Amino acid sequence: MRPTPLTHPQFLALLPFILPASPAGRQIGDLRARLNAIFHLACTTDPWRCLPPEHGKPDTVSRYFRRLTHAGVWQKLLHAIKESSPNSPLREIAPLICRACRRAIRILGLRFITLARRLGFLSALNGPPSKLPNPDLSEKLKRLPLPPIPRSRQQTKAFIALLKARRYLHRLAGGIKHIPRRLRLGWS
(Lines give C-alpha, C1' and ligand atoms only; values in the text may rest on other atoms or scores of the structure.)
Protein backbone atom coordinates (compact mmCIF):
# COMPACT_ATOMS: atom_id res chain seq x y z
CA MET A 1 0.00 0.00 0.00
CA ARG A 2 1.45 3.34 -1.05
CA PRO A 3 -0.23 6.35 0.54
CA THR A 4 -1.12 9.41 -1.47
CA PRO A 5 -0.50 12.81 0.11
CA LEU A 6 -3.30 14.06 2.32
CA THR A 7 -5.91 16.16 0.59
CA HIS A 8 -7.06 19.44 2.12
CA PRO A 9 -10.34 17.99 3.56
CA GLN A 10 -8.45 15.00 4.99
CA PHE A 11 -5.87 17.27 6.60
CA LEU A 12 -8.59 19.51 8.04
CA ALA A 13 -10.31 16.42 9.50
CA LEU A 14 -7.04 15.45 11.23
CA LEU A 15 -6.21 18.94 12.45
CA PRO A 16 -8.30 18.90 15.68
CA PHE A 17 -6.49 15.75 16.83
CA ILE A 18 -2.84 16.51 16.11
CA LEU A 19 -0.33 18.52 18.11
CA PRO A 20 0.49 21.77 16.30
CA ALA A 21 3.42 22.83 18.50
CA SER A 22 6.56 21.34 19.98
CA PRO A 23 6.91 20.87 23.76
CA ALA A 24 8.89 24.13 23.84
CA GLY A 25 5.91 25.92 22.24
CA ARG A 26 7.42 26.38 18.78
CA GLN A 27 5.04 25.94 15.87
CA ILE A 28 5.77 23.01 13.55
CA GLY A 29 6.60 24.26 10.07
CA ASP A 30 4.55 21.99 7.81
CA LEU A 31 2.19 19.70 9.71
CA ARG A 32 0.76 18.17 6.56
CA ALA A 33 4.24 17.16 5.35
CA ARG A 34 5.03 15.63 8.72
CA LEU A 35 1.79 13.62 8.73
CA ASN A 36 2.43 12.53 5.14
CA ALA A 37 5.86 11.30 6.27
CA ILE A 38 4.34 9.34 9.16
CA PHE A 39 1.73 7.74 6.92
CA HIS A 40 4.32 7.02 4.23
CA LEU A 41 6.51 5.10 6.65
CA ALA A 42 3.55 3.45 8.41
CA CYS A 43 2.67 1.77 5.11
CA THR A 44 6.05 0.05 5.03
CA THR A 45 7.94 -2.17 7.43
CA ASP A 46 11.05 -0.01 7.14
CA PRO A 47 12.68 1.56 10.18
CA TRP A 48 12.47 5.34 10.64
CA ARG A 49 16.00 5.83 9.33
CA CYS A 50 14.82 4.66 5.87
CA LEU A 51 12.47 7.62 5.49
CA PRO A 52 13.05 9.22 2.05
CA PRO A 53 14.84 12.59 2.26
CA GLU A 54 11.89 14.47 0.71
CA HIS A 55 9.91 13.74 3.91
CA GLY A 56 12.39 15.41 6.24
CA LYS A 57 14.72 14.17 8.94
CA PRO A 58 13.84 10.69 10.21
CA ASP A 59 14.58 11.50 13.85
CA THR A 60 12.31 14.58 13.73
CA VAL A 61 9.43 12.63 12.21
CA SER A 62 9.85 9.69 14.61
CA ARG A 63 9.99 12.04 17.61
CA TYR A 64 6.76 13.71 16.47
CA PHE A 65 5.14 10.28 15.99
CA ARG A 66 6.11 9.31 19.55
CA ARG A 67 4.69 12.60 20.86
CA LEU A 68 1.42 11.95 19.05
CA THR A 69 1.35 8.42 20.43
CA HIS A 70 1.99 9.45 24.04
CA ALA A 71 -0.62 12.23 23.72
CA GLY A 72 -3.28 9.63 22.84
CA VAL A 73 -3.89 10.91 19.32
CA TRP A 74 -4.24 7.46 17.75
CA GLN A 75 -6.82 6.36 20.33
CA LYS A 76 -8.81 9.56 19.75
CA LEU A 77 -8.65 9.03 16.00
CA LEU A 78 -9.94 5.46 16.26
CA HIS A 79 -12.88 6.69 18.36
CA ALA A 80 -13.52 9.52 15.88
CA ILE A 81 -13.48 7.13 12.91
CA LYS A 82 -15.92 4.84 14.69
CA GLU A 83 -18.33 7.73 15.35
CA SER A 84 -17.92 9.50 11.97
CA SER A 85 -20.30 9.30 9.05
CA PRO A 86 -19.51 6.92 6.15
CA ASN A 87 -18.52 9.75 3.79
CA SER A 88 -16.27 11.51 6.32
CA PRO A 89 -12.69 12.37 5.27
CA LEU A 90 -11.51 10.44 8.33
CA ARG A 91 -13.07 7.29 6.88
CA GLU A 92 -11.11 7.87 3.66
CA ILE A 93 -7.81 7.80 5.52
CA ALA A 94 -8.83 5.15 8.06
CA PRO A 95 -6.49 2.56 6.48
CA LEU A 96 -3.56 4.96 6.89
CA ILE A 97 -4.51 5.67 10.49
CA CYS A 98 -4.77 1.93 11.19
CA ARG A 99 -1.30 1.39 9.71
CA ALA A 100 0.09 4.13 11.96
CA CYS A 101 -1.67 2.47 14.90
CA ARG A 102 0.32 -0.69 14.23
CA ARG A 103 3.49 1.25 14.98
CA ALA A 104 1.86 2.89 18.01
CA ILE A 105 1.08 -0.53 19.50
CA ARG A 106 4.82 -1.04 19.95
CA ILE A 107 4.81 1.96 22.29
CA LEU A 108 1.40 1.68 23.96
CA GLY A 109 1.12 -2.08 24.37
CA LEU A 110 -1.79 -4.14 25.66
CA ARG A 111 -4.20 -1.28 26.44
CA PHE A 112 -4.08 -0.15 22.84
CA ILE A 113 -4.53 -3.70 21.54
CA THR A 114 -7.62 -4.00 23.75
CA LEU A 115 -9.02 -0.69 22.49
CA ALA A 116 -8.51 -1.63 18.83
CA ARG A 117 -10.24 -4.98 19.42
CA ARG A 118 -13.18 -3.42 21.26
CA LEU A 119 -13.72 -0.79 18.57
CA GLY A 120 -13.52 -3.46 15.86
CA PHE A 121 -10.37 -2.16 14.15
CA LEU A 122 -8.59 -5.47 13.67
CA SER A 123 -6.56 -3.92 10.84
CA ALA A 124 -4.95 -1.63 13.46
CA LEU A 125 -3.41 -4.65 15.18
CA ASN A 126 0.21 -5.40 14.44
CA GLY A 127 -0.38 -9.08 13.76
CA PRO A 128 -3.09 -11.69 13.28
CA PRO A 129 -5.74 -11.26 16.00
CA SER A 130 -5.50 -14.93 16.93
CA LYS A 131 -1.82 -14.47 17.86
CA LEU A 132 -2.26 -11.31 19.95
CA PRO A 133 -3.48 -11.13 23.56
CA ASN A 134 -7.22 -10.88 24.08
CA PRO A 135 -7.92 -9.52 27.58
CA ASP A 136 -11.70 -9.60 27.02
CA LEU A 137 -11.63 -13.36 26.41
CA SER A 138 -9.46 -13.81 29.49
CA GLU A 139 -11.94 -11.86 31.65
CA LYS A 140 -14.88 -13.88 30.32
CA LEU A 141 -13.08 -17.13 31.10
CA LYS A 142 -12.25 -15.93 34.60
CA ARG A 143 -15.96 -15.30 35.30
CA LEU A 144 -17.03 -18.80 34.20
CA PRO A 145 -17.82 -21.02 37.17
CA LEU A 146 -16.08 -24.36 37.51
CA PRO A 147 -18.35 -27.37 37.10
CA PRO A 148 -19.00 -29.57 40.14
CA ILE A 149 -16.47 -32.25 41.03
CA PRO A 150 -17.26 -35.43 39.05
CA ARG A 151 -18.70 -38.45 40.86
CA SER A 152 -18.48 -41.11 38.14
CA ARG A 153 -15.85 -42.21 35.62
CA GLN A 154 -17.82 -40.77 32.67
CA GLN A 155 -18.23 -37.45 34.46
CA THR A 156 -14.47 -37.43 35.12
CA LYS A 157 -13.71 -37.75 31.40
CA ALA A 158 -16.08 -34.87 30.59
CA PHE A 159 -14.59 -32.81 33.45
CA ILE A 160 -11.04 -33.34 32.15
CA ALA A 161 -12.09 -32.47 28.59
CA LEU A 162 -13.68 -29.27 29.88
CA LEU A 163 -10.53 -28.33 31.80
CA LYS A 164 -8.39 -28.95 28.71
CA ALA A 165 -10.67 -26.75 26.61
CA ARG A 166 -10.49 -23.96 29.20
CA ARG A 167 -6.69 -24.25 29.35
CA TYR A 168 -6.54 -23.96 25.55
CA LEU A 169 -8.77 -20.86 25.62
CA HIS A 170 -6.60 -19.28 28.34
CA ARG A 171 -3.51 -19.83 26.20
CA LEU A 172 -5.32 -18.36 23.22
CA ALA A 173 -6.34 -15.32 25.30
CA GLY A 174 -2.71 -14.74 26.26
CA GLY A 175 -1.48 -14.59 22.67
CA ILE A 176 2.05 -15.59 21.77
CA LYS A 177 5.14 -13.91 23.15
CA HIS A 178 6.82 -13.18 19.83
CA ILE A 179 5.01 -12.94 16.51
CA PRO A 180 7.31 -14.15 13.72
CA ARG A 181 8.20 -11.48 11.17
CA ARG A 182 6.65 -13.48 8.32
CA LEU A 183 3.28 -13.39 10.14
CA ARG A 184 3.51 -9.67 10.89
CA LEU A 185 4.44 -8.86 7.30
CA GLY A 186 1.70 -11.03 5.82
CA TRP A 187 -0.97 -9.51 8.07
CA SER A 188 -2.97 -6.71 6.48
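The values are calculated or read from the model by the stated rules, or taken from the named source; none is laboratory data. Keep in mind the model is a prediction, meaning the values are calculated, not measured. Note that each Cβ is placed from the backbone with ideal geometry, even for glycine, and that neighbours are counted across all protein chains shown. The protein model used for the area step is the full one, side chains on, heavy atoms only, and it has no ligands, DNA or RNA in it. Shrake-Rupley method; radii C 1.70, N 1.55, O 1.52, S 1.80 Å.
Numbers below:
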| item | result |
| --- | --- |
| Given charges at beta-carbon only (K, R positive; D, E negative), |dipole| of segment 49-188 in Debye | 780 |
| Sorted peptide list for 58-65, 153-160, criterion being average Cβ within 10 angstrom, highest first | 58-65, 153-160 |
| For segment 29-157: accessible area per residue (Å², 1.4 Å) | 55 |
| Lys/Arg +1, Asp/Glu -1 at C-beta; the chain dipole; positive extreme among Leu169, Pro145, Ile113 | Pro145 |
| Accessible surface of the chain [probe 1.4 Å, protein heavy atoms]: carbon and sulfur percent | 57 |
| Crossing angle, helix 153-174 versus the chain [Cα axis fit, 0-90 degrees, rounded to tens] | 10 |
| Check: segment 1-108 dipole with +1 on Lys, Arg Cβ and -1 on Asp, Glu Cβ, in debye | 300 |
| Mean separation of Cα contacts under 8 Å, 6 or more apart, over the residue count of the chain: relative contact order % | 18 |
| Filter on Lys142/Lys177; Lys142/Lys164; Lys82/Lys131 - keep pairs with C-alpha separation over 18 Å | Lys142/Lys177; Lys82/Lys131 |
